[in-house]
Each structure stands twice: as C-alpha cells, then as structure tokens.
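Participant: The structure that follows is given in the form of structure tokens.
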Amino acid sequence: MRAYLNKIKSPGDLKKLNIDELNSLCGEIRSFLIDSVSETGGHLASNLGVVELSVAIHTVFDMPKDKIVFDVGHQSYVHKILTGRAGAFDTLRRFGGLSGFPKRAESEYDAFNTGHSSTSISAALGLARARDLSGGTENIIALFGDGALTGGMMYEAMNDAGHSKTPLILILNDNNMSITKNVGSITNHLRRLRISPKYFKSKEAVEGILKKVPFFGEKIADMLRKIKRKIRRKVLSSTMFEDLGFSYIGPVDGHDLKALIPCLEYAKKEKKPILIHVITKKGKGYYHAETNSAKFHGIGPFNVITGATKKSPETYSAHFGKTLVSLAEKNEKIVAVTAAMPTGTGLTEFADRFKNRFFDVGIAEQHGVTMAAGLAAGGFVPVIPLYSSFLQRAYDQTLHDVCLQNLHVVFPIDRAGIVGADGETHQGIYDISYLSHMPNMTVLSPVNFKQLDEMLDYAVNTHNGPIAIRYPKGSEQLAETLPPFDINSAVLLSAGTDISIIAAGRMANRAREVMLELENHDLSAEILLIPAIKPIDEAAVIKTAKKTGFVVTMEDNVKIGGMGETAARIIAENNINCKVKIFAFPDKPIVQGSVAELDRANGLDKNSIVKEVLNGKNKT
C-alpha cells in the first residue's frame with residue numbers, strides 16, 4: 001500500500017504534506033523504484049540516492065515554472081515519479097515508453113534533454129540568461145554529481161556564471177561515486193568541506209530578528225554579515241566554488257528533509273549564484289545497491305530479494321579486457337586509460353595487474369585522449385577504450401592531437417552501434433562517420449571475439465598511427481570460421497551471382513539471414529565482410545560490384561558518412577554499372593528500445609531488408 005505516493009499527481013501535491021508525511025512518501029518511492037526497476041532494468045542506485053533531495057526540490061520550488069537541469073539525467077526517475085509519470089513506469093526504457101533520461105518531448109517538467117555528464121551548468125546558465133532577457137523570475141537549478149566535476153566543461157560554465165553573477169542554483173549531489181569510485185584532486189577537496197547546515201538556519205533567524213529592530217537593525221545585521229565573512233576567511237580557507245563566484249552552502253545531509261528544505265528555501269530567496277553541497281549515499285535504502293552500487297548503477301531486471309541478475313554470456317567488453325591483459329603481459333609499453341569507466345569497458349583486471357600502467361582520468365574524455373596522445377609521443381602505446389557516444393565528446397582531441405600527428409593511440413570503441421534502452425543520447429551510431437574522415441585514422445570492425453583478438457594484437461603490436469576498433473554492446477558473434485585478419489583484405493564469406501551484400505560488424509549475421517531468405521526467392525547472394533572499414537578493400541568492392549551489378553550494404557551506423565556511402569563512392573568513381581542500396585540508420589535521433597525493435601523500426605531487420613532488395617531487384 002502506497003498511501004502517499006498514490007496521491008502525488010504533480011509537485012503541487014507535495015506542498016500539502018508535512019515533514020513526517022514527506023518522509024513516509026520517500027519510503028514509498030524507494031519501494032516503488034526497487035519494484036519497478038527490478039522488472040524493467042535501469043539506473044537504480046543513483047535514483048535511490050536522490051529520493052529525499054528530489055522530494056525537497058519539488059516541495060520548495062514551483063515546477064514547471066522553475067526549471068531543473070539534470071547532469072547525465074539517469075538520476076531523474078524520482079523527478080519523473082513526482083511529475084505524474086509513476087503510472088507509466090512499467091514502460092521505462094522500453095520502445096514507445098518512458099525515457100530513462102529527461103526528455104522535453106515527454107513532459108513540460110523536463111527542461112532540457114540530457115544523457116552525458118558535465119553539461120548541466122552550461123545548459124542551466126543558458127536558461128537563466130534566457131529568463132533574464134525575457135524579464136522572467138523563475139529559478140533555474142542544475143543538479144549534478146561529484147563525478148561530473150571531473151569534466152572540464154563544468155569549470156568553464158562556473159567561471160562564466162560566477163563572473164557574471166547570474167542568479168543560478170547549483171546542487172552538488174556528493175556521493176563520492178560516478179559509476180565507480182571517483183578519483184582526482186576535486187574529490188579530495190570535497191572531502192575536506194565540512195560546515196553545519198544549522199549555521200544557515202540560525203543565520204536567517206538572527207537576521208530576521210535584527211531587521212525588526214527600529215532604526216539600526218538592518219545596519220547591525222549588515223555589520224554582522226561582514227564580520228562573519230572576515231572571521232570565516234581567517235579560520236577557514238575558501239572553497240573552490242566561492243573562488244569561482246558562488247555562495248557555498250553545505251555540506252548538507254541529503255537524506256534529511258529538515259536540513260534540506262531550509263537550505264533550498266534560503267537559496268530560492270537569495271537570487272544570486274549559489275552552490276548547495278549535498279551528501280548522499282548511492283543505493284540508499286536497498287542493501288544490495290548500497291553494498292554494490294557499481295552493479296546497480298545501470299542494471300537489467302533482477303531479483304529483489306537476492307539482487308541477482310540473469311547470467312549473461314561473455315560480452316565484447318569483458319573479452320577485450322582479458323585480451324588486453326594478455327597482450328600487456330608481453331608488451332610493457334602498453335598502457336590503459338579510462339574516463340571513469342574501468343568496469344564498464346573491461347579494464348578492471350588490467351587496473352589490478354598493472355597499477356602503474358593504468359590511468360583513470362575521471363569523466364574527462366577530452367583530457368584522456370590528449371593525455372593518451374602525450375603518452376604515445378613519449379614512446380608508449382596507450383589504449384583508451386570509450387563508449388562510442390562518449391568518444392564523440394573528444395572529437396577535436398582525436399582529430400587535432402592524435403590524428404594530425406599520426407600518433408599511435410588505440411581506441412577500442414565499446415557500445416558501437418545501437419545500444420537499446422538508454423536511447424538517443426547513448427546510441428553509438430555515429431563513430432564510423434566521425435572517424436572515417438580523420439586523416440591517418442584506421443577503423444576496424446570485428447564480427448566475433450577471435451577477430452577482435454587479432455585486431456587488438458595488430459593494433460598494439462604492428463600498426464603505426466591512430467586506430468579504432470568498434471564492437472557492439474553484448475555478445476552477438478558470427479559463428480563461421482574466418483581467415484586470419486588482414487588489414488588489406490575483405491573476407492568473401494559466400495559467393496553469389498545476383499546480389500552482393502557488403503556488411504560490417506554486427507550486421508554480418510543479418511547479412512547471413514538475408515542471404516538465406518533470398519535463396520527462397522531464387523536469388524544468389526554474395527557476402528563480402530569488411531573487417532577494415534578504413535582503409536576499405538576497394539579492389540574487393542569493385543570486383544563484387546562488377547560481378548553482380550547490385551550491391552547492398554549493411555552497417556550499424558547512420559547512413560550519412562558511413563561505410564555504405566564509401567562503397568557507393570568507389571563504385572561511382574570507377575564507372576561501374578551497378579545499383580547500390582544502403583541499409584543504415586536514418587538521419588534522426590534513435591529512441592530507446594531493444595536492438596531488435598529498433599532494427600525493425602528503421603528498416604534494418606531481415607524482413608524489411610529482403611523486401612527492399614526484392615523491390616530493387618525487380619526494378620533493375
């Protein structure tokens with residue numbers, strides 16, 4: 001029975017509850033989150049940690065007039081529950097259902113779409129300046145975790161906001177975690193900050209009394225404020241946030257509504273740049289999430305009692321990690337760099353085995369890539385595995401600092417292609433396009449673990465220059481035995497006479513499915529696998545195009561700038577009389593859903609491809 005939660009249809013309903021009732025509501029929300037996410041999967045630990053904070057924010061502020069921008073946004077589930085979306089939580093992260101992140105098209109309460117870290121203050125400052133230009137009075141809030149402070153964009157935004165004195169409320173949710181334990185000097189700085197929230201309550205009370213004193217009350221209050229600042233500066237060194245122009249409040253117990261609400265009310269009233277430092281526990285209230293917050297950061301369906309998840313096959317991420325350790329045992333020049341994701345990218349064992357050759361730079365992909373370039377210039381072989389959607393954050397560094405100098409940096413690209421439930425901000429369908437036009441860059445795409453092993457060995461021990469190896473989330477592999485990897489050669493998987501199917505990576509299995517179905521229509525299809533997307537085996541493309549006169553390309557990338565367009569250019573430049581049909585993702589955001597659902601929705605499933613091929617063949 002969730003007596004209070006069932007009554008919450010909008011944030012306005014929170015204002016009718018007293019502190020005890022709000023605390024009871026928080027308990028009901030935690031229970032609801034655990035039950036819901038155990039069925040749908042999702043980001044549980046981070047949301048359990050912000051229950052009281054989210055309730056306090058929506059109690060004090062007036063949403064949607066006031067606006068909140070979430071950093072990353074995976075901690076917005078409680079916000080969604082409090083803004084009328086609890087009834088749709090069985091659709092969370094599912095095709096056609098609720099997004100796992102804030103989404104403006106989903107609700108007027110979602111002020112800004114987010115999915116990546118360290119962007120919240122910039123977006124909030126833009127909203128605040130839009131408010132000021134329009135003559136508005138709304139409060140603008142940015143909610144971010146301490147892990148976001150390892151991203152340089154946060155300091156660019158704080159420097160701008162603090163200098164301009166634009167009224168803005170920053171809420172730092174400090175749980176000493178991003179996905180795994182945070183690293184760096186910023187984390188150490190936060191540990192040293194200790195000021196009781198009772199100070200602010202007593203400060204307001206004293207100032208309120210003095211202001212009522214006739215004639216001299218306001219002057220006395222002002223004098224005391226100045227004395228207090230001088231004494232505090234003498235006794236306590238300033239925080240980095242104050243040095244950047246923000247009034248600092250905290251740390252505040254993020255699970256104590258009686259402490260949180262007065263601090264938020266104070267910030268709401270002040271109308272200046274303010275940062276509230278809130279201490280929370282990731283996974284709060286659920287034993288398994290508290291004791292293993294990394295596992296429950298983003299998790300699939302699980303057993304509520306035991307916390308157990310369904311055992312899954314070995315993933316590309318895990319296999320990459322094991323192979324890298326094996327290579328590093330034999331090559332002492334190999335070093336590994338991660339942007340706060342050692343577990344997610346398979347580097348846990350490497351970090352344990354080679355501590356002095358492992359570097360966690362925090363959520364700072366730009367810094368990580370350029371640092372890797374420096375390591376390469378210094379004679380080492382840096383391997384920096386990043387999710388495809390996170391590597392794009394370091395586009396300029398990859399081009400300017402790595403490729404233009406032709407430095408030997410290895411980029412294993414995890415989650416390349418469709419990732420599914422995380423939706424448009426995390427789909428890895430752009431890397432072929434944004435890497436292929438970079439000079440000196442090589443782009444590889446394995447179809448199974450064996451080919452990944454061969455490519456990684458080649459990348460670290462033979463290749464000279466920047467090289468990327470893109471592989472999908474999960475464990476889907478092509479079962480066929482292939483010849484050893486050769487950077488210069490495509491692989492003829494099967495010979496045919498009527499249609500040429502050129503495929504890369506995950507789409508190798510789809511090519512096989514389409515070939516078998518076309519046989520039922522008396523069409524003989526040839527499959528050409530492309531292990532090296534750049535440099536592509538032009539001779540093989542030309543040969544198969546001339547042979548069949550009808551080329552079909554398949555890739556787990558957007559159509560624009562992808563492998564298919566490269567193949568079409570080669571065919572056109574060689575004046576081959578050949579029809580080309582490109583199967584890739586369209587020029588639009590790809591929402592959340594399972595990989596199979598998203599393939600069907602975008603015409604990349606077997607039936608859709610066969611239908612299009614048959615229509616095209618009949619017209620030739």
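The values are calculated or read from the model by the stated rules, or taken from the named source; none is laboratory data. Computed from a prediction, not measured in an experiment: that's the story for all the values here. Neighbour counts run over all protein chains shown; Cβ positions are idealised from the backbone, glycine included. For accessibility, only protein heavy atoms count, side chains too; no ligands or nucleic acids. Shrake-Rupley method; radii C 1.70, N 1.55, O 1.52, S 1.80 Å.
Participant: Scan (1) open to solvent by 40 Å² or more (accessible area, probe 1.4 Å); (2) over 17 Å from L44 (Cβ atoms) for the single condition V60 breaks and write down its number.
Facilitator: (1)
Participant: Determine whether E519 is without any contact (Cβ under 8 Å) to a residue 40 or more places away in the chain and of a type in the set (D, E). First the steps, then the outcome.
Facilitator: Working: without any contact (Cβ under 8 Å) to a residue 40 or more places away in the chain: yes; of a type in the set (D, E): yes.
Judged against the criteria, E519 is a match.
Participant: How many residues are under 22 Å from D174 (Cα atoms) and among the basic types (K, R) if we restrict to the range 53-108?
Facilitator: Qualifying residue count, the range 53-108: 2.
Participant: Kindly provide the set of residues from the range 63-97 that are open to solvent by 10 Å² or more (accessible area, probe 1.4 Å) and among the basic types (K, R), ordered by number.
Facilitator: K65, K67, R85, R93, R94
Participant: Go through (1) surrounded by fewer than 19 Cβ atoms within 10 Å (Cβ to Cβ); (2) over 28 Å from S118 (Cβ atoms) and name the single condition T323 misses.
Facilitator: (1)
Participant: When the range 583-619 is examined, which residues are found to be open to solvent by less than 40 Å² (accessible area, probe 1.4 Å) and within 18 Å of E526 (Cα to Cα)?
Facilitator: Listed by number, the residues that qualify are F583, I609, V610, V613, L614, G616.
Participant: Got a sec? Which of F354, F320 is modelled with pLDDT of 95 or more and in contact with a Leu (Cβ under 9 Å, 6 or more places away or on another chain)?
Facilitator: Being modelled with pLDDT of 95 or more and in contact with a Leu (Cβ under 9 Å, 6 or more places away or on another chain) holds for just one of F354, F320, which is F320.
Participant: Residues G136, G100: which one is within 24 Å of P11 (Cβ to Cβ) and open to solvent by 10 Å² or more (accessible area, probe 1.4 Å)?
Facilitator: Answer to the selection: G136.
Participant: Now a separate question. Keeping to the range 155-178, report how many residues are open to solvent by 50 Å² or more (accessible area, probe 1.4 Å), in contact (Cβ under 8 Å) with a residue 60 or more places away in the chain and under 21 Å from the mean Cα position of the chain (by Cα).
Facilitator: 1
Participant: Checking the structure you have, find out if any residue of the range 61-83 is over 24 Å from the mean Cα position of the chain (by Cα), assigned to a helix (DSSP H, G or I) and either of a type outside the set (A, V, I, L, M) or on the phi > 0 side of the Ramachandran plot (or both).
Facilitator: For the range 61-83, residues over 24 Å from the mean Cα position of the chain (by Cα), assigned to a helix (DSSP H, G or I) and either of a type outside the set (A, V, I, L, M) or on the phi > 0 side of the Ramachandran plot (or both): absent.
Table: residues versus (1) farther than 19 Å from E454 by Cα; (2) touching a strand residue (DSSP E or B) at 6+ places or on another chain (Cβ under 7 Å); (3) assigned to a helix (DSSP H, G or I).
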{"residue": "K322", "(1), (2), (3)": "no, no, yes"}
{"residue": "V337", "(1), (2), (3)": "yes, yes, no"}
{"residue": "P342", "(1), (2), (3)": "yes, yes, no"}
{"residue": "A351", "(1), (2), (3)": "yes, yes, yes"}
{"residue": "F359", "(1), (2), (3)": "yes, yes, no"}
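The rows are residues; the columns are (1) modelled with pLDDT under 95; (2) closer than 20 Å to R510 by Cβ; (3) open to solvent by less than 50 Å² (accessible area, probe 1.4 Å).
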{"site": "M455", "(1), (2), (3)": "no, no, yes"}
{"site": "N464", "(1), (2), (3)": "no, no, no"}
{"site": "Y471", "(1), (2), (3)": "no, yes, yes"}
{"site": "T481", "(1), (2), (3)": "yes, yes, no"}
{"site": "N488", "(1), (2), (3)": "no, no, no"}
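Participant: Can you confirm whether Y458 is over 30 Å from K617 (Cβ atoms), in contact with a helix residue (DSSP H, G or I) (Cβ under 6 Å, 6 or more places away or on another chain) and of a type outside the set (G, A, S)?
Facilitator: So Y458 fails the test.
Participant: Out of H400, H367, I need the residue that is surrounded by fewer than 21 Cβ atoms within 10 Å (Cβ to Cβ) and either under 18 Å from the mean Cα position of the chain (by Cα) or part of a strand (DSSP E or B) (or both). Which one? Don't jump to the end; show me each part of the working.
Facilitator: On the way: H400 fails: either under 18 Å from the mean Cα position of the chain (by Cα) or part of a strand (DSSP E or B) (or both).
When all the criteria are applied, what remains is H367.
Participant: Can I ask one more? Looking at this structure, is N18 closer than 16 Å to G254 by Cβ, open to solvent by 50 Å² or more (accessible area, probe 1.4 Å), modelled with pLDDT of 95 or more and of a type outside the set (G, A, S)?
Facilitator: no
Participant: Please name all residue pairs, on different chains or six or more residues apart, with Cβ atoms under 6 Å, provided the first residue is in the range 535-559 and is farther than 30 Å from K473 by Cβ and the second residue is polar (S, T, N, Q).
Facilitator: I542/N574; T548/S500
Participant: Continuing with this model, one more query. Given the options K311, K284, K295, name the one that is buried (at least 21 other Cβ atoms within 10 Å of the Cβ) and part of a loop (DSSP other than H, G, I, E, B).
Facilitator: Exactly one of K311, K284, K295 is buried (at least 21 other Cβ atoms within 10 Å of the Cβ) and part of a loop (DSSP other than H, G, I, E, B), namely K284.
Participant: Conditions first: (1) open to solvent by less than 30 Å² (accessible area, probe 1.4 Å); (2) closer than 14 Å to F583 by Cβ. V541 passes all but one, so which condition is the exception?
Facilitator: Failing condition for V541: (2).
Participant: List the number of the failed condition for A3; all other conditions in (1) at pLDDT below 95; (2) buried (at least 19 other Cβ atoms within 10 Å of the Cβ) hold.
Facilitator: Status for A3: all satisfied but (2).
Participant: Cβ-Cβ under 7 Å, sequence separation 6+ or interchain: first residue in the range 258-275 and open to solvent by 30 Å² or more (accessible area, probe 1.4 Å), partner in a helix (DSSP H, G or I) and at pLDDT 95 or above. Which pairs?
Facilitator: Close Cβ pairs satisfying both conditions: K258/I19; E265/V60; K268/V60.
Participant: Does at least one position in the range 510-521 carry a residue that is on the phi > 0 side of the Ramachandran plot and not in a helix (DSSP H, G or I)? Before you say what the answer is, go through the steps one by one.
Facilitator: In the first step, residues of the range 510-521 are kept if they are on the phi > 0 side of the Ramachandran plot; the result is none.
No: zero hits.
Participant: Answer with yes or no whether T338 is open to solvent by 30 Å² or more (accessible area, probe 1.4 Å), hydroxyl-bearing (S, T, Y) and in contact (Cβ under 8 Å) with a residue 24 or more places away in the chain.
Facilitator: For T338, the condition - open to solvent by 30 Å² or more (accessible area, probe 1.4 Å), hydroxyl-bearing (S, T, Y) and in contact (Cβ under 8 Å) with a residue 24 or more places away in the chain - is not met.
Participant: Taking the stated definitions as given, is T548 of a type outside the set (D, E, K, R) and surrounded by 23 or more Cβ atoms within 10 Å (Cβ to Cβ)?
Facilitator: In short, no.
Participant: Among the residues of the range 425-439, which ones are open to solvent by 20 Å² or more (accessible area, probe 1.4 Å) and out of contact with any strand residue (DSSP E or B) (no Cβ under 8 Å at 6 or more places or on another chain)?
Facilitator: Within the range 425-439, T425, Y434, H437, P439 meet the criteria.
Participant: Can you name every residue in the range 475-495 that is assigned to a loop (DSSP other than H, G, I, E, B) and either within 11 Å of L528 (Cβ to Cβ) or β-branched (V, I, T) (or both)?
Facilitator: Those that are assigned to a loop (DSSP other than H, G, I, E, B) and either within 11 Å of L528 (Cβ to Cβ) or β-branched (V, I, T) (or both): T481, I487, S489, A490, A495.
Participant: Does D414 satisfy being within 19 Å of I384 (Cα to Cα), open to solvent by less than 20 Å² (accessible area, probe 1.4 Å), of a type in the set (D, E) and in contact (Cβ under 8 Å) with a residue 40 or more places away in the chain?
Facilitator: yes
Participant: Another question, if that's okay. For V37, which of the numbered conditions (1) part of a loop (DSSP other than H, G, I, E, B); (2) hydrophobic (A, V, I, L, M, F, W, C); (3) open to solvent by less than 30 Å² (accessible area, probe 1.4 Å) fails to hold?
Facilitator: Going through the list (1) part of a loop (DSSP other than H, G, I, E, B); (2) hydrophobic (A, V, I, L, M, F, W, C); (3) open to solvent by less than 30 Å² (accessible area, probe 1.4 Å), V37 breaks only (1).
Participant: Mind listing whichever residues of the range 496-509 are assigned to a loop (DSSP other than H, G, I, E, B), open to solvent by 10 Å² or more (accessible area, probe 1.4 Å) and within 20 Å of F485 (Cα to Cα)?
Facilitator: Within the range 496-509, just R506 meets the criteria.
Participant: Hey, can you tell me all the residues within the range 378-396 that are more than 21 Å from L324 (Cβ to Cβ) and either hydrophobic (A, V, I, L, M, F, W, C) or open to solvent by 30 Å² or more (accessible area, probe 1.4 Å) (or both)?
Facilitator: Q392, R393, Y395, D396
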